[in-house]
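Beneath this line is the structure, given in structure tokens, with notes to follow.
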Amino acid sequence: MAMGRRKKRVRQEGLWTPTAALPVSASHPFYQRLNQILDENKFDEYVETICEEFYAGEVGRPGLSPGMYFRLLMVGYFEGIDSERGIAWRASDSLSIRSFVRIALDERVPDHSTISRTRRLMDVETHQAVFQWVLVVLAEKKLLKGTTIGVDATTLEANAALRSIVRRDTGERYDEFLTRLAKESGIETPTREQLAKLDRKRTKKGSNDDWKHPHDPDARITKMKDGRTHLAHKAEHAVDMETGAIVAVTLHGADEGDTATIQETMAEAGERIASVVADSNSDEVVKQVSADGPREVVTDKGYHSRAVVSELSQWGVRTYCSEPNRGRQRWQELRTEQAAVYANRRRIRGERGRRLLRQRGEKLERWNQHLYDRGGMRRVHLRGRENILKRLVVHSGAANLGLLMRKLFGKGTPRALQGRLRTLFSSPGPSPRLRSGTARLVRNLGRWMVCRRPLQMISAAA
């Protein structure tokens, strides 16, 4: 075989290239199967119907189609890409993602500015309608019950620097504010050391009532779980404890406590579940899904308070909230709250309560890893709570589709399927004990050969 040389391969490209001559790779089996599910349930027809009002009739060039836009956001979850710019780059680089998004080989992949403009064009309710459509598909596949709901929250680092905050009343930056305080205290030309010393003595220096970010007013100063202080948002999701499906997603200020946000999340979850029953035409869905909303809620001890437990009990929801050790409490004129807290305490000490609380790590905490750490949403690249919620809702819808793919296909992400195929097509390796024994045999054989070679040289010389 002769060696191919680079100079012989240099040729002038033709002016026109037929589409049939373009290179085509085999579609990724995960994305191919996911597209089949979307086509069977008429996803493109649905999103084009609900997004029709945001586009002009026949004026101007065609914009980014809704089916392509929502598929690109789904790619962000499945590939773990955090920004819209990264999604556009990944779609340009992969023929499999082109096939999934339905971008022809002779078409140009939409720029990140096109994706961003389409997101700003559509409202939050449209993105939530896509999430609702996914819930209906899950219910038809028996992956939604809606009876027992678990609620958990986490913080998302905002796309805003803490050193850029300004005063809400005067608009001063932080260093300008400290310089003014130093001059008022009698220091005409304060140094950096003097400003730092003055700042250390101040109390409540990072209050959200006094400071905001000029470009992202919705971001709040808070302490992250790793101990760092950042501008952040708080994402809270409700999960079906029987199937693991995400029922509702809400976004709040990072400075709001869990006891102040669970009511909105539970109301959102109840509305989603009731809408699933109303939108589905299947009798099986009506039988298996709780049309009256959730009847039980499972949370950690951050959500436990007298007011929350009592209010949820009045809603007809049984609580399984872990109770912190607060010592002896006083219940004068609080008989309703006392009865609700004592009933919750009896439930979490029972067998069913302990089992539900043990499942929080599997059904609730795991979504924090899938959605935010591996899914690329731990640090957001958007500003404004409305923009972040749009991306987060479709992100959670893609996670629910991954749950459906895990049931039908065995794997919930393309990378998990890739690892499974590598295991299938590779030869099964020996057991650990056999591997260690083989390694020991080879090592001893090598030593024997090293010791035997000098003896052979001596016998040959003799």
For a quick check of your reading of the model, give me the residue pairs whose first member lies in the range 51-69 and is within 23 Å of E84 (Cα to Cα), whose second is among the small types (G, A, S) and at pLDDT below 85, with beta-carbon atoms closer than 8 Å and at least 6 apart or on different chains.
Y55/G63
Out of everything in the range 100-122 that is farther than 20 Å from H395 by Cα and surrounded by 16 or more Cβ atoms within 10 Å (Cβ to Cβ), what residue ends up being modelled with the lowest pLDDT?
I103
Being open to solvent by 10 Å² or more (accessible area, probe 1.4 Å), touching a residue at least 40 places away in the same chain (Cβ under 8 Å) and more than 19 Å from H370 (Cβ to Cβ): is that true of T222 here?
yes
Could you check, for the range 199-216, whether at least one of its residues is exposed (fewer than 12 other Cβ atoms within 10 Å of the Cβ), modelled with pLDDT of 90 or more and in contact with a Ser or Thr (Cβ under 8 Å, 6 or more places away or on another chain)?
yes
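Quick one: in the range 149-180, which of the residues that are outside any loop (DSSP other than H, G, I, E, B) and among the polar types (S, T, N, Q) is farthest from the chain's Cα centre (by Cα)?
Step one: list which residues in the range 149-180 are outside any loop (DSSP other than H, G, I, E, B), which gives 149-157, 162-164, 166-167, 173-180.
Narrowing the set further to residues that are among the polar types (S, T, N, Q) leaves 154-155, 164, 179.
On the way: T154: 11, T155: 11, S164: 27, T179: 41 Å.
Step by step, filter the range 149-180, then rank; the result is T179.
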Among the residues of the range 181-194, which ones are under 44 Å from the mean Cα position of the chain (by Cα) and either surrounded by fewer than 13 Cβ atoms within 10 Å (Cβ to Cβ) or closer than 20 Å to T222 by Cα (or both)?
R192, E193
What residue, of D255, D279, D292, is out of contact with any helix residue (DSSP H, G or I) (no Cβ under 8 Å at 6 or more places or on another chain) and among the acidic types (D, E)?
D255
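The values are calculated or read from the model by the stated rules, or taken from the named source; none is laboratory data. Predicted model, so just to flag it, every value in this text is computed and none were measured. Ideal geometry is used to build each Cβ from the backbone, glycine not excepted, and the neighbour counts take in all protein chains shown. For the accessible areas, the whole protein counts, side chains as well, though only heavy atoms, and no ligand, DNA or RNA atoms are used. Shrake-Rupley method; radii C 1.70, N 1.55, O 1.52, S 1.80 Å.
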